[in-house]
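Here is the structure we will look at.
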Amino acid sequence: QPISADQLNAAAEAVGEHTIVSRTGGAPTLAFGMSEIMTDLLGSPAMQAFWYHFAIMFEALFILTAVDAGTRVARFMMSDSLGAIPGLGRFRDQTWRPGVWISTVVVCALWGAILLMGVTDPLGGINVLFPLFGIANQLLAAIALSLILVVVVKKGLYKWAWIPAIPLAWDLVVTMTASWQKIFSSDPAVGYWSNHARFKDAMDQGLNEFATATTPEAIAAVVRNTAIQGSLSILFAVLALIVVANALVVCYQSVRERAAGQEPETSEEPFRQSEMFLPRGLMSTKREKEVAAEYGETFEATGAH
């Protein structure tokens, strides 16, 4: 349905912008859609600009924190994997700076390569990166929930184990279903490998253009990128399942050990009363300074003033 200039101007005014035309990327489009939904839901047109900018802020924070957390976890996994190779065991020592730097550079280079692959893909970066990002992000959540479940079970807090267990089960069911569809769906608009097969056939036939790829080099890029995306989806799913399966085995062993009257073995540091403290307010009180002096500490030493 055609949209008039007046409608575009009214939409921009509703969200507090000068214009909504030709805004780069999908974030403004998603934010505008969310503002429309929240306005229709709550029935307050005056709040639409707030919902629009709230969505923009949420998207920025979500993406930055997800990429940051994912990169850190990948770096730890890289260090641990390299440390398992004979002769490279020192990579597991997180205080060894060369190992930390090497692992960080490798992970950031791989992440940058995937980003470059997405923004140059003839099918469009959003179609390439967003499904892969979504799957990896949710599987990262599954790994975190698995760790929480292990900690809760090892501490013998069985009545609270359902708190991480239910979200973990839901996360796995939804994300693994989505991963299966992205990997094995016969619909080229959904499945990586079905799309890979289409463009591979076009390349084998020597076509100069196919679908959105307008050159033989672009067709070859789609063939390469879809193979990488499909392989990474399989790798992410398999690694997450290995972590979850190992967590369940550890939980089972912990329950058996505790039932036998044994305390489950743990690598957790023993509880130690902290002697570091900070003032409750912006400025330390006289009594707080007296307590600091009793411990032989100063607030300046702990970063407070």
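The values are calculated or read from the model by the stated rules, or taken from the named source; none is laboratory data. If you're wondering where the values come from, they're calculated on a predicted model, not measured in any experiment. So basically every Cβ, Gly included, is an ideal-geometry build from the backbone, and we count neighbours across all protein chains shown.
Here are some notes:
- Residues in the stretch 156-198 that are exposed (fewer than 15 other Cβ atoms within 10 Å of the Cβ) and not in a helix (DSSP H, G or I) were compared, and the one that is modelled with the lowest pLDDT is Ala189.
- If the condition is being touching a Leu at 6+ places or on another chain (Cβ under 9 Å) and either farther than 30 Å from Ala221 by Cβ or assigned to a helix (DSSP H, G or I) (or both), then the stretch 119-128 contributes Val119, Gly125.
- Within the stretch 27-55, tally of residues that are within 20 Å of Gln7 (Cβ to Cβ), exposed (fewer than 13 other Cβ atoms within 10 Å of the Cβ) and of a type in the set (S, T, N, Q): 1
- Just so you know, in the stretch 246-281 the residues that are surrounded by 11 or more Cβ atoms within 10 Å (Cβ to Cβ) and of a type in the set (S, T, N, Q) include one that is farthest from Val152 (Cα to Cα), and it is Asn246.
- For the stretch 197-237, the candidate set comprises residues that are out of contact with any helix residue (DSSP H, G or I) (no Cβ under 7 Å at 6 or more places or on another chain) and among the charged types (D, E, K, R); within that set, the residue that is nearest to Val128 (Cα to Cα) is Arg224.
- Unmet requirement for Ser274, which otherwise passes all of (1) of a type in the set (S, T, N, Q); (2) over 30 Å from the mean Cα position of the chain (by Cα); (3) part of a helix (DSSP H, G or I): (3)
- Test: Ala213 is assigned by TED's automatic domain parsing to the domain that holds Val238, modelled with pLDDT of 85 or more and among the aliphatic types (A, V, I, L, M): no
Yes/no per residue for (1) modelled with pLDDT of 90 or more; (2) among the charged types (D, E, K, R); (3) exposed (fewer than 14 other Cβ atoms within 10 Å of the Cβ):
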position: Asp80; (1), (2), (3): no, yes, yes
position: Gly89; (1), (2), (3): no, no, yes
position: Arg92; (1), (2), (3): no, yes, no
position: Thr120; (1), (2), (3): no, no, yes
position: Gly124; (1), (2), (3): no, no, yes
position: Gln138; (1), (2), (3): no, no, no
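- Just so you know, in the stretch 215-245 the residues that are closer than 19 Å to Gln181 by Cα and among the polar types (S, T, N, Q) include one that is surrounded by the fewest Cβ atoms within 10 Å (Cβ to Cβ), and it is Ser231.
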